[in-house]
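The values are calculated or read from the model by the stated rules, or taken from the named source; none is laboratory data. Bear in mind that the values here come from a model prediction, so they are computed numbers and not experimental data. We place every Cβ from the backbone using ideal geometry, glycine too, and count neighbours over all the protein chains shown. Quick note on the areas: whole protein, heavy atoms, side chains included, nothing else; ligands and nucleic acids left out. Shrake-Rupley method; radii C 1.70, N 1.55, O 1.52, S 1.80 Å.
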Amino acid sequence: MFVRYQPARAEAARAAPVVAVQKVVKPRVVTPEAQLARGLRLLNGTGVAMNVEKAAVWLERAAANGNALAQNYVGVLYQTAPAFMPTWRQPCAGTKAAARNGNLKAMTNLGKAYAGVGPKARTSRRPRSGSGGRPGSARSTLQFDLAILYERGEGVSRSIPEAYKWYVIAGSHGDANAASRALVLASALSPNELLAAQATAALFRPAQADSAANDVPR
């Protein structure tokens, strides 16, 4: 059977507009973690040519998006390579943001920056006296530095028992220098002071650190 040709229908088909089907392209979303990873590769020359200027751009983007690790790197770069850091005008802006967001190294760096304010702090700073042992973790560094402040009475009332306690705590977290210093201070404490400080050190339980704010991506 033959289908009869229908001119009107053929004309309508020719006149119908051709609708182009456009592919919807979703915008690429770059996460702060990806920005941090890109910045660190450029900063360290991992798989790419080292470029501090480009690294600073990517780290600043991640920092502006709230990444605590990137904020700490921005703070460090501002101190070590300020020419590459045009956006973060305040010297400690990145470090303060990272510390607020739970980065332990930033807390240490910010504390040291505050301790460096004023002539007394500047003249009294000294490197760690050491046994040549491993310095420990970022957490033990914080504890060691707090012990120093109590031992010297800088920013707090001087307290050898409190200094001893924090040296013991830092030593228990792997800081050999802190453990060595605790032994020195122990001789300056009375038996009761020593027992009390040891008891409080034994009861100390650190809060759980936020891994996202402290662990560098691999």
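Report, by residue number, each residue of the range 173-206 that is within 20 Å of G111 (Cα to Cα) and surrounded by 15 or more Cβ atoms within 10 Å (Cβ to Cβ). Result: H173, D175, N177, A178.
Listed by first and then second residue, the pairs with beta-carbon distance under 7 Å, at least 6 apart or on different chains, first residue in the range 45-70 and within 24 Å of A97 (Cβ to Cβ), second open to solvent by 10 Å² or more (accessible area, probe 1.4 Å) and aromatic (F, W, Y), are V52/F84; E53/F84; A56/F84; L59/Y73; E60/W88. The single condition among (1) farther than 30 Å from G66 by Cα; (2) touching a helix residue (DSSP H, G or I) at 6+ places or on another chain (Cβ under 7 Å); (3) part of a helix (DSSP H, G or I) that A199 does not satisfy is (2). Y73 satisfies every condition listed in (1) at pLDDT 90 or above; (2) surrounded by fewer than 17 Cβ atoms within 10 Å (Cβ to Cβ); (3) hydroxyl-bearing (S, T, Y) except (2). Annotation: of all residues in the range 97-115 being charged (D, E, K, R) and without any contact (Cβ under 8 Å) to a residue 40 or more places away in the chain, the one that is farthest from L69 (Cα to Cα) is K112.
Out of A213, A170, A209, report the one residue that is within 20 Å of the chain's Cα centre (by Cα), surrounded by 13 or more Cβ atoms within 10 Å (Cβ to Cβ) and not in a helix (DSSP H, G or I). Don't jump to the end; show me each part of the working.
Working: A213 fails: not in a helix (DSSP H, G or I); A170 fails: not in a helix (DSSP H, G or I).
The match here is A209.
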